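Shown next, in structure tokens, is the structure this report addresses.
The values are calculated or read from the model by the stated rules, or taken from the named source; none is laboratory data. If you're wondering where the values come from, they're calculated on a predicted model, not measured in any experiment. Positions of Cβ are generated from backbone atoms using ideal geometry, with glycine treated the same way; all protein chains shown enter the neighbour counts. For accessibility, only protein heavy atoms count, side chains too; no ligands or nucleic acids. Shrake-Rupley method; radii C 1.70, N 1.55, O 1.52, S 1.80 Å.
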Amino acid sequence: NNTGSVNVQISNAQNLGAFEFIIAFDPAVVNAVANGVTLGPMLTGSSTYSANLLGPLINNTTGTVRFVAYTLGTGNGPNGSGILASVQFKGMQAGTSSLNFSKVRITDRSAVVDGGAAAIQGSIICGSGSGPRLLLPALRK
């Protein structure tokens, strides 16, 4: 059983302050790895604020990962595109698992919710001997 990581990316961020999402997957095909969900570099490069995590909450029985990150401090949040988080999955058997986002919420540093946020769904393909192949999901504005 091989492992692979999925990078959750954002594009067109403006003054990014926090984000939240749930990724649903098929637990018969893949499982999320404990301690394998990490904050990406999009929120970690500032000297004027700190990035903080709530969770992640992993449920490999129902096939979900919930992830929340927020910032505290001064200064503007990042703009542009980058990696919000990385989720490591372990292949359980050959097959394809969709990666479906729900409860996607993105806010700016003033806690104003970005009503234009949308998710591009992804999938993971696990084959015999090749390890997981990942079709990456993304969040976009």
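Results for (1) within 12 Å of the chain's Cα centre (by Cα); (2) open to solvent by less than 60 Å² (accessible area, probe 1.4 Å); (3) within 14 Å of Val8 (Cβ to Cβ); (4) basic (Lys, Arg), shown as yes or no for each residue.
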site	(1), (2), (3), (4)
Val33	no, yes, no, no
Thr48	no, no, no, no
Val65	yes, yes, yes, no
Gly80	no, yes, no, no
Ser86	yes, yes, yes, no
Ala94	no, no, no, no
Any chance segment 11-23 includes a residue that's of a type in the set (Ser, Thr, Tyr) and part of a loop (DSSP other than H, G, I, E, B)? no
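Are any residues in segment 67-78 crowded, with 17+ Cβ neighbours inside 10 Å and of a type outside the set (Phe, Trp, Tyr), and if so, which ones?
Taking segment 67-78 as the starting set, the residues that turn out to be crowded, with 17+ Cβ neighbours inside 10 Å are 67-71, 77-78.
Within segment 67-78, Val68, Ala69, Thr71, Gly77, Pro78 meet the criteria.
Does Ile58 satisfy the condition of being under 21 Å from Ala13 (Cα atoms), among the β-branched types (Val, Ile, Thr) and at pLDDT 90 or above? Explain how you work it out, then say what you get.
Values: under 21 Å from Ala13 (Cα atoms): no; among the β-branched types (Val, Ile, Thr): yes; at pLDDT 90 or above: yes.
No; evaluated as a whole, the condition is false for this residue.
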Of all residues in segment 110-126, which are touching a residue at least 24 places away in the same chain (Cβ under 8 Å), part of a loop (DSSP other than H, G, I, E, B) and either farther than 14 Å from Gly17 by Cα or under 18 Å from the mean Cα position of the chain (by Cα) (or both)? Asp114, Gly116, Ala117
Members of segment 105-117 found to be over 19 Å from Val87 (Cβ atoms) and not β-branched (Val, Ile, Thr), listed by number: Asp108, Arg109, Ser110, Ala111, Asp114, Gly115, Gly116
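Only residues that are in contact with a Ser or Thr (Cβ under 7 Å, 6 or more places away or on another chain) and either buried (at least 20 other Cβ atoms within 10 Å of the Cβ) or part of a loop (DSSP other than H, G, I, E, B) (or both): list them for segment 96-109, please.
Ser97, Leu99, Arg109
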